[in-house]
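I have placed the structure first, in the form of structure tokens, so that the comments after it can refer back to it.
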Amino acid sequence: MVYEFSIRTFEPQEFIDITTYIYRAIDASGIENGICHVFIPHTTAGVTINENADPDVVDDILGELNMLVPAHDGYAHIEGNSAAHIKSSMMGVSLQVIIHGASLLMGRWQGIYLAEFDGPRNRTVYVKIQPDPEHFKTIDLQEVEVEVEDKVEVEDKVEVEDKVEDEKSNE
Ligand code: ZN
């Protein structure tokens, strides 16, 4: 199932919380458990997950992105909106969230944002709801304990480096 939402942005740059749209798609799908893919078909906007409680957070993100990527910096792109293209690639145009019990498995303070970098425009958001296969019996969250030492296997790391060396010598 794929759902399409049209979103009008009103500012040259802004973060719009689209979490409720994603929930609308999940509700329409009737899916209890699976994966939700969010994708936007744009090159001057992005999608990201960040704090939904204090609006200053997304304002700060936008402010720092503008410091990192100046509006004018001798860009070659004739259209004059290279900064927006660069910020789009920095944010990315897709993300995934786990659907568990017909709800998004996100943190309490997390929201899904459409990031407009070259507005105002009409933007499209695609939401693909991918249900778990029927043989997946998702009943509860399964907690798996991982020893910190298991995570960083020094020997494994050496092997990976060796492999890279081998590949280089094959060039
Ligand atoms: Zn452009």
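What full-extension length gain, to one decimal in nm, is calculated for ASP17 and ILE78 as 0.36 nm per residue of separation minus the Cα-Cα distance?
18.8 nm
Want the number for LEU105 to GLU51: 0.36 nm per residue separation, take away the alpha-carbon distance, what's left?
Here the segment from LEU105 to GLU51 would lengthen by 18.0 nm.
Please report the relative contact order for the chain, taking Cα pairs under 8 Å with a sequence separation of at least 6, and give it as a percent rounded to a whole number.
Reported as a whole number, the value is 43 percent.
Which of VAL146, VAL57, VAL97 ends up with the largest GNM mean-square fluctuation for the chain, with Cα atoms connected below 10 Å?
Ranking VAL146, VAL57, VAL97 by mean-square fluctuation puts VAL146 first.
Per q in 0.19 1/Å, what log10 I(q)/I(0) does a Debye calculation on the alpha-carbon atoms of the range 1-117 return?
Debye intensities relative to I(0), on a log10 scale: -1.02.
Can you pull the semi-axes for the range 15-80, root of five times each eigenvalue of the Cα gyration tensor, sorted largest first, whole Å?
31, 17, 8
Can you compute the helix-only [θ] at 222 nm over the chain? Use -39500 (n - 2.57) per DSSP H run of at least 4 residues, normalise by all residues, nearest 500 deg cm²/dmol.
Mean residue ellipticity, 222 nm, calculated: -9500 deg cm²/dmol.
Please give the length that would be gained between VAL146 and VAL2 if that part of the chain were fully extended, namely 0.36 nm times their separation in residues minus their C-alpha to C-alpha distance (nm, one decimal).
Numbers: separation 144, 0.36 × 144 = 51.84 nm, distance 3.53 nm.
Computed gain between VAL146 and VAL2 is 48.3 nm.
FYI, it's all coordinate maths here, none of it is from the lab. What you are looking at is a predicted structure, and each value in this text was computed from that prediction instead of being measured.
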